[in-house]
1. What nm distance separates the two modelled labels at residue 1 and residue 562, each placed 7 Å from Cα along Cα→Cβ?
2. Between segment 451-468 and segment 496-519, what's the alpha-carbon centroid distance in Å?
3. How large is the accessible surface per residue of segment 193-329, computed with a 1.4 Å probe and reported in Å² as a whole number?
4. Explain nothing, just the number: relative contact order of segment 38-185, from Cα pairs under 8 Å at least 6 residues apart, as a whole percent.
5. Highest first, please rank the peptides 553-561, 143-151, 62-70 by the mean number of other Cβ atoms sitting within 10 Å of their residues.
6. I need the calculated FRET efficiency for the pair residue 332 and residue 281, taking r as the beta carbon distance and R₀ as 25 Å, to the nearest 0.05.
7. Normalised by the residues of the chain, what does the relative contact order come to in percent, with Cα pairs under 8 Å and at least six apart?
8. Taking a quarter of the surface of the convex hull around the Cα atoms of segment 421-544, what do you get in nm²?
Amino acid sequence: MKLLLKNGFVVNVFTGEIEKQNVLIEDGVITGTGGYDNSDADIVNDVSGKYICPGFIDGHIHIESTMLLPCEFARACISHGTTAVIADPHEIANVCGTDGIRFMLAASENIPMTVYIMLPSCVPATNFDEAGAVLEAEDLNSFYKYPRVLGLGELMNYPAVVSDDEKVMRKIKEAHRSGKIINGHAPKLTGRELDKYIAAGINDDHECCSSDEAIERIRKGQWIMIREGTAARNLIDMLPLFDAPYSHRCILVTDDKHPADIIENGHIDSIIRKAAANGKSTVTGIQMATIQAAQCFGLKGVGAVAPGYAANLLVLDNLDEIKINEVYYYGSKVCENGRVIEFESPVISGPLRESVLSSFRMPVLSADNFMLTPHTGKCRTIGVIPGQLITEELFFDIDFSINNGIDTNRDLLKLAVCERHHNTGHIGLGFIHGIGLKQGAIASSVSHDSHNLIIIGASEEDMAIAGNRIREIGGGNVVVKEGRIIAEMPLPIAGLMSDQSAECAASQNYKVRNAVYEVGVPKDIEPFMNMAFVSLPVIPSLKMTTMGLIDVNRQEIVPLFED
């Protein structure tokens, strides 16, 4: 069957022009653009006054961090114009190893969105992590044969690349041998060390917090991923990259975005809208989200409205607002009048499904687990920076005579990261500033990248209640106030993903996010996403793992107190 989209204004992502054209589609591929008429097609869709552009590609995302299964993620994002994502399943791989990768491949089969995979390069992220698995080069090699596997995911352990670590370099060499792309992740790296990192074959970076940092990398040949997610919101600082001579080397990504945010604000479309609201070209944003994303990953025949390209297309009522009316995936309509057309979800049963359930192996917690021995001297404290994944190193005088050092007046809260994969009983314990909790506790099994149990509290008793509830439900997010659970979001799949619909998960997401305001968190802070990165020891400058405080810049464990 031949389909003709007639009388639309086509966004040409090669030239930036907008032209009134007809688009002919056959067998999922665009066969022509221009002066085609009704006689050339079996079905004609008159889209007069509307705009046609390629479907959007999210160039870097962890689907697990949306807390949705791939099919539910697709249901949430298709109406926002996303027809493909480049996903790195290193979250579930840190919990379940290669079974986690297999699960994500199976769970993303035969849905109306292409889920490309980048193999997790750092499981665990560093030697300071206690993850559920360890993946070496030989564990990854067999996956390169899968057509949807594009390469090696973000190399977060950039110190290992710079120092020529044998195991990490073996993964890089195997990716190169297979002709695959390698993603980067090297915040604040500059100068000669950056040169060495890029020279290893690192294609891109999504961790830039300033345009100056990004421009250095563009000048050295890297692609830059402009990120705007739930916790990391870098777009405003990266707006200069929407202009020449930098825009052609940039793509758009979300990295980590919660379901409530996707449903309320959108996905890649929301980044383009926000850039346009700040004076940048909508067409430039579309180019970043389509053809440039395809070029970054070496995808052929994807990302443009042109002959020979996949008919992954959006029909927009309004270009400036990216108001999406219809979405086509390989020529089939999957969204009409802004509503997703229902499709079947993949069914995964047997050992593979069982492998991602029951992921908690840890003892019951008590308030005593979170008590610190009184100490004099300055206390090294993690300082959270709103809207950023980087943290700062702060020092406070701690008064242990009251609440074992917790001081809500100074926003000094107890922080614990508890090992949950191997029943070691290890707990990293210290203080955190910048969350704003006034009472109670919050806990989550989403704590990048090893996904141990992380808890922040103004009360050790409430911390124990929150942590034990997470353990009981097999993972999730919990808010505790005055000894009782006031909100929870179960995440039984590897302690990372819901088994519910996108709408149900978003509703639970709203409830736990709003519940934190009851315990004093300011409304400009999203603590669950912020706390999820407090345990990631590859993003400067101070982080907490089950082994204790990590100085990321020096890559070493540091004492809680400086005498």
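The values are calculated or read from the model by the stated rules, or taken from the named source; none is laboratory data. Just so it is clear, the structure is predicted and the values come from calculations on it, not from any experiment. Note that we place each Cβ from the backbone using ideal geometry, even for glycine, and neighbour counts take in every protein chain shown. Surface areas here come from the heavy atoms of the whole protein model, side chains and all, with no ligands, DNA or RNA. Shrake-Rupley method; radii C 1.70, N 1.55, O 1.52, S 1.80 Å.
1. Distance between label points: 6.8 nm.
2. Using only Cα atoms to place each centre, the spacing works out to 18 Å.
3. On a per-residue basis, 30 Å².
4. 19 percent
5. Descending mean neighbour count gives 62-70, 143-151, 553-561.
6. 0.25
7. Relative contact order of the chain: 16 percent.
8. It is 7.5 nm².
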